[in-house]
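Student: Have a look at this one before I ask anything.
The values are calculated or read from the model by the stated rules, or taken from the named source; none is laboratory data. All of these numbers come straight from a predicted model, not from anything done at the bench. We place every Cβ from the backbone using ideal geometry, glycine too, and count neighbours over all the protein chains shown.
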Amino acid sequence: MSKPRLHRLATSLLVCSLLSAPAVQAASFGLSADAGTPGVGAAVWFPLAGSFLDFRVGFNTLSFNHPYTSGGIRYDTHAVLRNLPLLVDWYPLGFGFRLTGGVVYNDNQASFLATSENGSYTIDGTSYPASQVSPLTGSLSYPHLAPYLGLGFGDPFSGVLPVFFSIDFGAFYQRSGTVTLTDPQADSNPALAAGIAAEQAQLQASIGRYRWYPVVSLGLGFSF
């Protein structure tokens with residue numbers, strides 16, 4: 001067989017083998033583990049429109065204790081972060097860099113326990129013995145739906161590697177939280193009840209300034 005015919009035969013076999021080989025399929029979903037200011041959690045990613053849009057749903061949680069002082073009263077605070085983001089990512093360049101929008105189901109909350117100073121509490125300028133006040137407890141909660149805006153980097157569906165890194169910067173608008181303070185002894189002490197109401201309003205104003213919850217999160221995931 002002449003060399004030109006052999007060359008044509010080899011070329012034909014190569015083309016046929018490429019056409020008959022199974023196509024490399026794009027990933028149908030991604031999974032990531034994440035950690036950051038919303039807590040520690042995971043997310044599931046789904047492609048929406050080729051390499052330009054995807055959708056992800058996640059869950060983050062974390063609990064911690066932190067002291068907080070307001071109106072001269074020190075509170076032992078137990079905070080629980082628990083949120084579920086539903087986000088759409090847009091890749092204006094077709095990969096990597098993304099702009100993100102969506103909504104967060106915000107179940108972040110906290111509980112307070114006031115602690116006395118030298119056996120007394122100063123509430124709205126009036127000093128009370130600890131025996132007349134304790135336990136003074138409180139809670140903080142937020143509206144559950146919070147819009148989210150952010151940007152980031154990382155694409156589970158770039159098709160380059162099955163492993164991907166993710167980073168997010170943004171914030172969700174949690175609005176002003178609702179603070180409640182209660183003391184069973186206030187029912188029989190009108191002056192104490194008025195002082196606690198004033199302290200609750202001051203605590204509400206102090207915490208209410210933090211309407212935007214900042215998000216900085218890092219993730220590592222796999223696409224399938």
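Student: From the list Ser217, Ser206, which residue is touching a Ser or Thr at 6+ places or on another chain (Cβ under 8 Å), small (Gly, Ala, Ser) and closer than 17 Å to Asn60 by Cα?
Tutor: Ser217
Student: Would you check if Leu149 is of a type outside the set (S, T, N, Q), under 17 Å from Val216 (Cα atoms) and either modelled with pLDDT of 95 or more or in contact with a helix residue (DSSP H, G or I) (Cβ under 6 Å, 6 or more places away or on another chain) (or both)?
Tutor: Judged against the criteria, Leu149 is a match.
Student: Out of Leu99, Leu62, Leu93, Leu31, which single residue is touching an Asp or Glu at 6+ places or on another chain (Cβ under 9 Å), modelled with pLDDT of 90 or more and not polar (S, T, N, Q)?
Tutor: Leu99
Student: Right, another one. Among the listed residues Thr61, Thr77, Thr69, which satisfies the condition of being farther than 25 Å from Pro143 by Cβ and in a strand (DSSP E or B)?
Tutor: On inspection, the qualifying residue turns out to be Thr69.
Student: Looking only at the range 145-190, which residues are in contact with a Pro (Cβ under 9 Å, 6 or more places away or on another chain) and of a type in the set (A, V, I, L, M)?
Tutor: Ala171
Student: Among the listed residues Asp124, Asp89, Asp76, identify the single one that is surrounded by 16 or more Cβ atoms within 10 Å (Cβ to Cβ), in contact (Cβ under 8 Å) with a residue 12 or more places away in the chain and more than 29 Å from Phe153 (Cα to Cα).
Tutor: The match here is Asp124.
Student: Can I ask one more? Scan the range 38-50 residue by residue and report those that are surrounded by fewer than 16 Cβ atoms within 10 Å (Cβ to Cβ) and not in a strand (DSSP E or B).
Tutor: Within the range 38-50, Gly50 is the sole residue that qualifies.
Student: A further question on this structure: Please state which of the following conditions Leu113 fails to meet, knowing it meets all the rest: (1) hydrophobic (A, V, I, L, M, F, W, C); (2) touching a residue at least 40 places away in the same chain (Cβ under 8 Å); (3) farther than 26 Å from Ala35 by Cα.
Tutor: (2)
Student: Moving on. Taking only pairs six or more apart or across chains, which ones have beta-carbon atoms under 7 Å, a first residue in the range 136-148 that is free of Cβ contacts under 8 Å to residues at least 40 places away in the same chain, and a second residue that is surrounded by fewer than 19 Cβ atoms within 10 Å (Cβ to Cβ) and charged (D, E, K, R)?
Tutor: Every condition considered, the pairs that remain are Tyr142/Arg175; Pro143/Arg175; His144/Asp107.
Student: I would also like to ask the following. Which of (1) in a strand (DSSP E or B); (2) surrounded by fewer than 17 Cβ atoms within 10 Å (Cβ to Cβ); (3) not acidic (Asp, Glu) is the odd one out, the single condition Val160 does not satisfy?
Tutor: All conditions are met except number (1).
Student: Keeping to the range 93-110, report how many residues are outside any strand (DSSP E or B) and touching a residue at least 40 places away in the same chain (Cβ under 8 Å).
Tutor: The number of residues fulfilling the criteria is 4.
Student: Separate question: Criterion first (over 14 Å from the mean Cα position of the chain (by Cα), modelled with pLDDT under 95, in a loop (DSSP other than H, G, I, E, B) and among the small types (Gly, Ala, Ser)) does Ala10 satisfy it?
Tutor: Answer is no for this residue.
Student: Does any residue of the range 111-121 turn out to be aromatic (Phe, Trp, Tyr), part of a loop (DSSP other than H, G, I, E, B) and crowded, with 16+ Cβ neighbours inside 10 Å?
Tutor: Within the range 111-121 (the criterion being aromatic (Phe, Trp, Tyr), part of a loop (DSSP other than H, G, I, E, B) and crowded, with 16+ Cβ neighbours inside 10 Å), the answer is no, since none of the residues qualifies.
Student: Select from the range 173-189 the residues that are outside any strand (DSSP E or B) and either farther than 30 Å from Pro147 by Cα or in contact (Cβ under 8 Å) with a residue 60 or more places away in the chain (or both) and list them in ascending order.
Tutor: Gln174, Asp183, Pro184, Gln185, Ala186, Asp187, Ser188, Asn189
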